[in-house]
Amino acid sequence: MIARLERAVVLGAGTMGAQLACLLAGAGTRVQLLDLDATVAAQGLERALRLRPSPAYRPEDVARVTTGGFDALESALDGAGWVIEAVVERLEPKRDLLAQLDAILEGRPEMPIVSSNTSGISILALGEGRSERFRRAFLGTHFFNPPRYARLLEIIPAEETDPALVAWLEEYGSRHLGKGTVRAKDTPAFIANRLGVHGMLVALDLALDLGLGVDEVDELTGPLLGHPRSATFRLIDLIGLDVAVAVADHCFATLPDDPDRERFRVPPILRTLVEQEALGEKRGAGMYKRVDGEILALDLETLEYRSRRSLVSGALEIARNEPDLGRRLAGLLAADDRAGRFVRGFVGASLGYAAAVVPEIADQAVTVDQAMRWGFGWQLGPFETWDALGVARVGDLLRRDGRSVPELAERVAASPGAFYREGPGGRRESLAFADLTFQSIAGSPGGIDIAALRRARPELPSSAAASVLDLGGGILGLELHGKLNVIGLDTLEMIRRAVDLAVERADGLVIATLASDFSAGANLALLLMDAEEDEWDELDRAVRRFQAATRAIRYAPVPVIVAPRGRTLGGGAEICLAGARCQPLAESYIGLVETGVGLIPAGGGSTAMARRAAERAAGAPVDGFAFFRAALETIALSRVSTSAEEARALGLLGPADLVTADPDRQWTDAASVARTLAEVGYRPPAERSIAVLGRRGIAAAEALTYNQRAGRYLSEHDRTVVLELARVMSGGDVAEGTELPEAYLLDLEREAFLRLLGERLTRDRIRHTLKTGKPLRN
C-alpha cells in the first residue's frame, strides 16, 4: 500500500512543533498539537500562523489541527499513526515525555511510529530505558527549519528500529511531505548541521585572518561556489546566531575525537553577539542590520555596522562570467589574491573535513551530498565537488596549504579515482566508504530519471531552450532547461515540435523542468529591443506564435500535462492554463504578472482566464460578474500564488489538477496522469464560444479603476493597462451574454498587447525591471 497517514500527534507547540502540525495538516492528516496545556498549544499555533512565509499551504488546512494539553495525551493517541516529540531541545525533558508516552502505549494493541525531532541529541540516549516494543517503533527525525520549505529530512534509526518503519517514513516523507530523506547515523549534529556549522566557523576564522568583511565573504561563498545567495553570514542570521552557537557547543562537547574539534570552539565574537541579543533576523540585527531601508554589514573588528562593500578581485570578475561551476572553482582556487586565498582555505577545509568524518556520519558519498544539497541548497555536495575538481588535485591543494589529506581521499585517489561513476544505462553510482565499491544510487522515487534520459541522448529534437525526451510507456517529455526558462521563439518552436511528435508517435506529452523554477516568463529584453526598433510586424508574428503554441497544447488529440514548479510567471503560467491537466509541485508560485511591466497576458492567458470565468459563471446560480471580477483582479493585481493550492483558489489551476509534493516524483506523476488520460479515452476540449460581459464588464472596470485612481492606489498608466485587459476579457463593445469565438478574444488580446508595448511608459517599466529586477510604478 502507498504510505498514508490519517492521524498524527505532535508533542510541543513551539516554533518547530506548530509548523510541523501545519505541514502534516497540509498533507491531509488530522493532527493533535499538544503542549503544557490547551492555551499554550493554541498560542503556539497562532504564533506559527503569523509567520511569513506561512507554514500552511492554505488557511483552511489548519482546520485539521486540534490543540490541547498533555493531559489529553492518552485520548489523542487513539488511532494515531505517527507521534512526533518536538519539545525543547534538551535531553531530560524529551526523555521524560517519551517515558510518559511509553507507559500509555504499553497496553495498547497498536503501536504508532514515535520520533523525537532533534537537531543533534543522541537517539540512543533518548530511547534508553524504554520498552523493547517502544524501541522498535522509535527513531529520530531532523526536519530542517522552516519545515514546509526546507527540503531535507534526516532520519536517524536506532539499532533496534524496525527497518519497515524507516522505509515507511521515507516513503511518506517523500510522497506526502515533499522531503528529500537521508538516513543519518546517530552522531552529534548528524550530517548537514555538522558539516554546515563547521563550514560557517571556517569562514569566520578565514575572514578574521584575511581581514575580510562579512559582506565580502558572502560575495565569495554564495552563487560563485554553487551555494545560495544567503551564502554564509546571511545564512547565520537566518538560522539565528544562538542556534549556530548551540550546535557548535554541542559538537565541541560531544565529539572529543573529532579531527577538527577545535574548530567548534566558539569564537569570542559570536559569544559577544549572542550576549548582546544580536541573534540575526529574529532580533533585527546580527551579521547584518537594516537601518532606514539600507542593509548594513557588521564590522568584525569594531562590532559596529557599516555600509556594505564589494571585494575587489580580478579573479572574482572572471569567475562571475564563468557558467560552469567546476571551472569557476578551479579559477578561484588558482588566484593569488585575498579572494583566492579565502576560497582555497574555505574549500580545502570543508572538503577535507567531509572526507575525514566519513564513514562515521554516513555510509555513502551520495548520502552526504544529498544532505548538503537538500539542507543548505548547495549545487554540488562535498564529494561531488571532490570529483568536479579532481580527487588527486584536491589532495595536492590540501598539501600546499599545509593540511593533511584524509586517509579516505588518499585511498580513493589511488583507486578508483572518484566518488561517483556512470553505471549501466547511464545511471550514476556512488562510492561506499567501507569497501570503496560503487553502489547504485536509488533512482527517482517515482522511477523516471530525467538526468539519465538526457545523458542517453536519443535521436529526439533538442535546443538550448528545451529537449524532447522519451519518458517510456508511450509518453514523451519536453524538458525546459534554458536560462530561467525564459520563453523565446526557440522555446515556442520546441513546444510545437514536441506536440507534433507526441501526436505522431506517442500517447501523451509532459512539459516540465528540473530547474527550481518552471519559467520566468517571456523574453522581455527581446520584446523591448524589437519595440524600440519599431519591428511591429515581427512582434505581431511572435505573439501569434505564442498563441499558436498554447492552442496546440490545448487542442492536441493527446493529453499534454504541464508540470510547473517554483516561480511560474507570465508566459509560464499561460502554458499551464493551456494544459489538459497541470501537475504542479506543492511549492509552485504561479502568476500572470504582465501588468507589472505595463502589458497583459497575450499568449492566450487573458483569453483562458475569461473562458474559465465564463465556465464558472455558467454553472453558478448567481450573477456571473463576480467570477469575471475575480479573474480580472488576479491578472490586474499581478497576484502570484504562495502555493499550488492557492493557485487553484486564484483560478490558475483547475479543480482536477493534482499536486505533487516531492520534486523527484513530479515527472513520474505527470507522466502517469498523461498515461491514465490516454487509456481512458482522452478527448481534447471542443473549441466553444465564450460568453462575455461586454460593455458591462468594461463599465465596471472603468468605475473600479476610477475610484482606485482617485484614491491614488493606481497610476494613470496602471488604469490604462487594466482597462485594456478588461476590454479583452469582456469581449469589447458588445452586449452582455454575447458568445464570441476564442479566436476573436485572441485577436483582442494580441492587439492590446502591442498597443501597450507601443507606450513609452510600458517600455520604461520593462527597462527598469530588466535593470533592477523590480517593478516600476509610473
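Brief remarks follow.
- Magnitude of the charge dipole for region 54-204, about its Cα centre and with charges confined to Cβ atoms of Lys, Arg (+1) and Asp, Glu (-1), is about 620 debye.
- For T568, solvent-accessible area (1.4 Å; no DNA, RNA or ligand), Å²: 0
- Relative contact order (percent, whole number), the chain, Cα cutoff 8 Å, 6+ residue spacing: 8
- Farthest toward positive dipole pole in the chain [+1 Lys/Arg, -1 Asp/Glu at C-beta], among L169, S313, L478: L478
- Accessible surface calculations at 1.4 Å, restricted to protein heavy atoms, place the chain at 42 Å² per residue.
- Residue among A647, V622, A700 farthest towards the positive dipole end of region 618-701, charges placed on Cβ: A700
- With 0.36 nm allotted per residue and the present C-alpha distance subtracted, the T772-E702 stretch has 22.1 nm of extension available.
- Net charge of Cβ neighbours under 9 Å - reference G68; Lys, Arg +1; Asp, Glu -1: -3
- Radius of gyration, Dmax [region 596-670; alpha carbons; angstrom]: 14.2, 43
- Per principal axis, descending, Cα span of the chain in whole Å: 80, 68, 58
- On the chain, 50 percent of the accessible area sits on carbon and sulfur atoms, based on a 1.4 Å probe.
- Kirkwood hydrodynamic radius of region 91-162, Cα pairs, Å: 12.7
- What you get for region 420-511, charging only the Cβ of Lys and Arg (+1) and of Asp and Glu (-1), is a dipole of about 200 debye around the Cα centre.
- Solvent-accessible surface (1.4 angstrom probe) belonging to I104, in square angstrom, nearest 10: 40
- Of the peptides 687-699, 181-193, 16-28, the order by per-residue mean of other Cβ atoms within 10 Å, starting with the highest, comes out as 16-28, 181-193, 687-699.
- Packing order of peptides 762-769, 622-629, 362-369, highest average first: 362-369, 762-769, 622-629 (average count of other Cβ atoms within 10 Å over each peptide's residues).
- Computed over the chain, the per-residue total of -39500 (n - 2.57) for DSSP H runs of n ≥ 4 gives a 222 nm mean residue ellipticity of -14500 deg cm²/dmol, rounded to 500.
- With contacts taken as Cα pairs under 8 Å and at least 6 residues apart, region 674-760 reaches a relative contact order of 39 percent.
- Efficiency of FRET from Cβ geometry, S638 and A432, R₀ 45 Å, rounded to 0.05: 0.35
- Those lysines that a straight Cα-Cα span of less than 30 Å connects to K774, excepting residues fewer than 8 apart in one chain: K282, K289, K483
- The residues neighbouring V543, those whose beta-carbon lies less than 13 Å from its own, together hold a net charge of -4 under the Lys/Arg +1, Asp/Glu -1 convention.
- Neighbour net charge for P188 - beta-carbon separation under 15 angstrom, K R +1, D E -1: -2
- When only the Cβ of Lys, Arg, Asp and Glu is charged (+1, +1, -1, -1), the dipole of the chain relative to its Cα centre reaches about 1060 debye.
- An ellipsoid equivalent to region 605-719, defined through the eigenvalues of its Cα gyration tensor, has semi-axes of 33, 20, 11 Å when rounded to whole angstrom and sorted largest first.
- For peptides 422-428, 261-267, sequence by mean Cβ density within 10 Å, most packed first: 261-267, 422-428
- Residue among G732, L577, V245 farthest towards the positive dipole end of the chain, charges placed on Cβ: G732
The values are calculated or read from the model by the stated rules, or taken from the named source; none is laboratory data. No experiment lies behind these values; they were computed from the predicted model shown. Cβ atoms come from the backbone with ideal geometry, glycine included; neighbour counts cover every protein chain shown. The protein model used for the area step is the full one, side chains on, heavy atoms only, and it has no ligands, DNA or RNA in it. Shrake-Rupley method; radii C 1.70, N 1.55, O 1.52, S 1.80 Å.
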